[in-house]
Amino acid sequence: MKTTQKVNVFVYGTLQSGERNHRVIHGHILDTVSGKVSGKLYDVGSYPAAVLGSEGVIEGEWLLIDEAGLVGTDRLEGYTGPDDRNYYDRVWVTDLNGGTEGWIYVWSDSKNLPEIRNGSWKNRNAAAS
């Protein structure tokens, strides 16, 4: 009997529940919890990009997914491997409240895009807090 590995992925944009790309991983999700990581969120237009750092807070969801779900998210995020030229890089992070660790897809810099000041893709149109 083959065992399926499970991994946590922090999602902060269109992969979150209720967002348009959630369908990519919906059937692979084993658990979902809210979370926050250090960094800033930038508005690319129809999706966000995260840049990790000590300033700012990014709100999102921790998804516990199976291996097939990780393959799907890698494809969506343009990630082909650690030494490749990727659209997003996949790096390991820890939730600000501790405990939960896993992968997140990030950019190395803002590429001069506007910051989503409240750190929330779902609430990006609300007044910055």
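The values are calculated or read from the model by the stated rules, or taken from the named source; none is laboratory data. Predicted model, so just to flag it, every value in this text is computed and none were measured. In this analysis, Cβ positions are derived from the backbone assuming ideal geometry, glycine residues included, and neighbour counts consider all displayed protein chains.
All of (1) out of contact with any strand residue (DSSP E or B) (no Cβ under 7 Å at 6 or more places or on another chain); (2) touching a residue at least 12 places away in the same chain (Cβ under 8 Å) hold for residue 125 with one exception: (2). Restricting to segment 15-48, what's the tally of residues that are free of Cβ contacts under 8 Å to residues at least 40 places away in the same chain and under 12 Å from residue 59 (Cα atoms)? Of the residues in segment 15-48, 1 are free of Cβ contacts under 8 Å to residues at least 40 places away in the same chain and under 12 Å from residue 59 (Cα atoms). Here residue 14 fulfils each of the conditions (1) among the β-branched types (Val, Ile, Thr); (2) in a loop (DSSP other than H, G, I, E, B); (3) touching a helix residue (DSSP H, G or I) at 6+ places or on another chain (Cβ under 7 Å) apart from (3). The set of residues in segment 42-94 that are among the β-branched types (Val, Ile, Thr) and under 11 Å from the mean Cα position of the chain (by Cα) comprises 51, 58, 73, 91, 93.
Let's see how each residue does on (1) surrounded by fewer than 18 Cβ atoms within 10 Å (Cβ to Cβ); (2) assigned to a loop (DSSP other than H, G, I, E, B):
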site: 53; (1), (2): yes, no
site: 56; (1), (2): no, no
site: 71; (1), (2): yes, no
site: 79; (1), (2): no, yes
site: 91; (1), (2): yes, no
site: 110; (1), (2): yes, yes
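Considered as a group, the residues in segment 115-125 that are surrounded by 10 or more Cβ atoms within 10 Å (Cβ to Cβ) and not in a strand (DSSP E or B) include one that is modelled with the lowest pLDDT, and that residue is 124. Taking the numbered list (1) hydroxyl-bearing (Ser, Thr, Tyr); (2) more than 23 Å from residue 124 (Cβ to Cβ); (3) touching a Phe, Trp or Tyr at 6+ places or on another chain (Cβ under 6 Å) in turn, residue 80 passes all entries but (3).
Please enumerate the residues belonging to segment 17-47 that are part of a strand (DSSP E or B) and within 13 Å of residue 64 (Cα to Cα). Correct list: 29, 30, 31, 32, 33, 34, 35. The set of residues in segment 42-57 that are of a type in the set (A, V, I, L, M) and either modelled with pLDDT under 95 or more than 22 Å from residue 23 (Cβ to Cβ) (or both) comprises 51, 52, 57.
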